[in-house]
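Structure, as structure tokens:
The values are calculated or read from the model by the stated rules, or taken from the named source; none is laboratory data. Computed from a predicted structure; not experimentally measured. Backbone-built Cβ (ideal geometry, glycine too); neighbour counts: all protein chains shown.
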Amino acid sequence: MIVGVGIDVVDVERFAESLERTPRLSERLFTPAEAALPLNSLAARFAAKEALAKSLGAPGNLEWHHAEVVKEVSGRPLLALSGTVLARADELGVTSVHLSLSHDAGIASAVVVLEG
């Protein structure tokens with residue numbers, strides 16, 4: 001059964017401007033492993049975290065570091081949940097999280113589907 005669906009789109013140039021304007025923003029949004037990635041990948045990961053928040057009903061208490069985009073050996077992206085994000089997913093009965101990322105032509109996007 002589908003528990004939640006979220007989608008988000010990020011303008012990569014605008015996201016870069018936000019990171020430049022607010023130097024500590026990257027630290028607030030990303031884990032150290034994520035922060036080391038190139039701009040397009042960061043924008044896609046931000047879109048993933050936004051899409052995840054939407055799929056969880058956008059509660060205001062989620063910590064950005066409690067959702068990390070990681071990759072399988074094959075390159076397939078996964079969301080690793082912990083803390084506040086995992087607690088909300090458990091509350092909703094989530095048993096599986098599906099993630100799709102894309103970035104092209106200055107746009108990064110993500111779709112999250114939660115199953116329970």
Taking residue 52, is it among the aliphatic types (A, V, I, L, M), at pLDDT below 95 and surrounded by 14 or more Cβ atoms within 10 Å (Cβ to Cβ)? no
Between a residue in region 41-63 that is in contact (Cβ under 8 Å) with a residue 12 or more places away in the chain and any residue that is surrounded by 16 or more Cβ atoms within 10 Å (Cβ to Cβ) and of a type in the set (Asp, Glu), which pairs come within a Cβ distance under 6 Å, given they are 6 or more apart or on different chains? 45/34; 47/8; 50/8; 51/8
Being surrounded by 14 or more Cβ atoms within 10 Å (Cβ to Cβ) and of a type in the set (Lys, Arg) is the filter here, so list the residues in region 26-45 that pass it. 45
Within region 51-83, which residues are in a loop (DSSP other than H, G, I, E, B) and in contact with a Ser or Thr (Cβ under 6 Å, 6 or more places away or on another chain)? 61, 62, 63
Scanning region 85-116 for residues that are in a helix (DSSP H, G or I) and touching a residue at least 24 places away in the same chain (Cβ under 8 Å), which turns out surrounded by the most Cβ atoms within 10 Å (Cβ to Cβ)? 85
Can you tell me which residue in region 6-49 is farthest from the chain's Cα centre (by Cα), limited to those that are of a type in the set (S, T, N, Q) and more than 16 Å from residue 99 (Cα to Cα)? 22
Just checking, does region 12-29 include any residue being outside any helix (DSSP H, G or I), at pLDDT 95 or above, of a type outside the set (S, T, N, Q) and closer than 16 Å to residue 110 by Cβ? no
